[in-house]
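The values are calculated or read from the model by the stated rules, or taken from the named source; none is laboratory data. From a predicted model like this one, the values you see are computed outputs, not experimental measurements. Cβ: placed from backbone, ideal geometry, glycine included. Neighbour counts: every protein chain shown. The protein model used for the area step is the full one, side chains on, heavy atoms only, and it has no ligands, DNA or RNA in it. Shrake-Rupley method; radii C 1.70, N 1.55, O 1.52, S 1.80 Å.
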Amino acid sequence: MKQNCFLLAGLSLLLLVWMVPVEGATGGYFSAHMLRHMTVVALATPLIVLGAPRLFSDIKVSPLLASVVEFLIVWGWHLPAFHDHARANPVMLASEQLSFLLAGLLLWASVLKPREALAGAGGLFLTSMHMTLLGAILILSPRLLYQAEICRLGGIPDQQMGGMIMLAIGTPVYLIASLVLLSKELCSGRNGELTP
């Protein structure tokens, strides 16, 4: 029952952020795009993995490798040339969103494996660090990093808001999940020592 709730919540979040128009000629800002991105990778995907663990049980990628893959995808799509093309081309935008979804599922499926708690904590900690760094770059940049029309609508304040959204969602989600996995590992190790 609990798993069904997680799965329903994760799929509902995906449906919400993908169906509600946040980009296009009628409006939309960089910060709205960042809210969509963070909802996919940091909120919806862990809920989907928690809600359907059997579906992801055959994934054999180490948490650290999954973290590196996720890093490459997130930072790759945030390079100005790729980001601007994705804002202007619906096929590239769909490719971006699909890659965010797959990277998020890969990361969370690898870190949430019971026997990978310590490596999972490390992978999530690295992810928290790179999300924090990217958010900080968006906030502190003295100029607009992206030139697509949609990214210029709100100017630098909107870019800064996008960075704050990344920090407000990504940093705590990955960091808290990392600490939860680390505490589980430490508690299970302590219990193992006490048990004859």
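Can you say whether Arg87 is open to solvent by 50 Å² or more (accessible area, probe 1.4 Å) and out of contact with any strand residue (DSSP E or B) (no Cβ under 6 Å at 6 or more places or on another chain), as far as the supplied structure shows? Criteria not met by Arg87.
Consider the stretch 5-21. How many of its residues are at pLDDT below 90 and either assigned to a loop (DSSP other than H, G, I, E, B) or under 20 Å from Leu55 (Cβ atoms) (or both)? Residues in the stretch 5-21 being at pLDDT below 90 and either assigned to a loop (DSSP other than H, G, I, E, B) or under 20 Å from Leu55 (Cβ atoms) (or both): 3 in total. Residues in the stretch 80-116 that are more than 19 Å from the chain's Cα centre (by Cα) and assigned to a loop (DSSP other than H, G, I, E, B): Asn89 only. Number of residues in the stretch 54-73 that are part of a helix (DSSP H, G or I) and touching a helix residue (DSSP H, G or I) at 6+ places or on another chain (Cβ under 7 Å): the value is 9. Screening Leu64 against (1) more than 13 Å from the chain's Cα centre (by Cα); (2) closer than 24 Å to Ile156 by Cα leaves a single unmet condition, (2). Being open to solvent by less than 40 Å² (accessible area, probe 1.4 Å), assigned to a helix (DSSP H, G or I) and free of Cβ contacts under 8 Å to residues at least 40 places away in the same chain is a property that does not hold for Ala121.
For the stretch 49-71, filtering for residues that are surrounded by 21 or more Cβ atoms within 10 Å (Cβ to Cβ), free of Cβ contacts under 8 Å to residues at least 60 places away in the same chain and aliphatic (A, V, I, L, M) leaves 1.
Just one of (1) surrounded by fewer than 19 Cβ atoms within 10 Å (Cβ to Cβ); (2) farther than 30 Å from Gly154 by Cα; (3) modelled with pLDDT of 90 or more fails for Pro46. It is (1). Considering the stretch 161-196, the residues that are within 16 Å of Gly120 (Cα to Cα), out of contact with any helix residue (DSSP H, G or I) (no Cβ under 6 Å at 6 or more places or on another chain) and open to solvent by less than 60 Å² (accessible area, probe 1.4 Å) include one that is modelled with the highest pLDDT, namely Pro172. Of the candidates Ser141, Ser183, Ser99, Ser95, the single residue that is out of contact with any His (no Cβ under 9 Å at 6 or more places or on another chain), in contact (Cβ under 8 Å) with a residue 24 or more places away in the chain and among the hydroxyl-bearing types (Ser, Thr, Tyr) is Ser99. Only one of the listed residues (Leu79, Leu93, Leu106) is open to solvent by 30 Å² or more (accessible area, probe 1.4 Å) and touching a Lys or Arg at 6+ places or on another chain (Cβ under 9 Å). That residue is Leu93.
Taken over the stretch 137-150, residues that are touching a Gly at 6+ places or on another chain (Cβ under 9 Å) and either open to solvent by 30 Å² or more (accessible area, probe 1.4 Å) or among the charged types (D, E, K, R) (or both) amount to 4. Can you find even one residue in the stretch 151-160 that is open to solvent by 50 Å² or more (accessible area, probe 1.4 Å), in a helix (DSSP H, G or I) and of a type in the set (Asp, Glu)? Within the stretch 151-160 (the criterion being open to solvent by 50 Å² or more (accessible area, probe 1.4 Å), in a helix (DSSP H, G or I) and of a type in the set (Asp, Glu)), the answer is no, since none of the residues qualifies.
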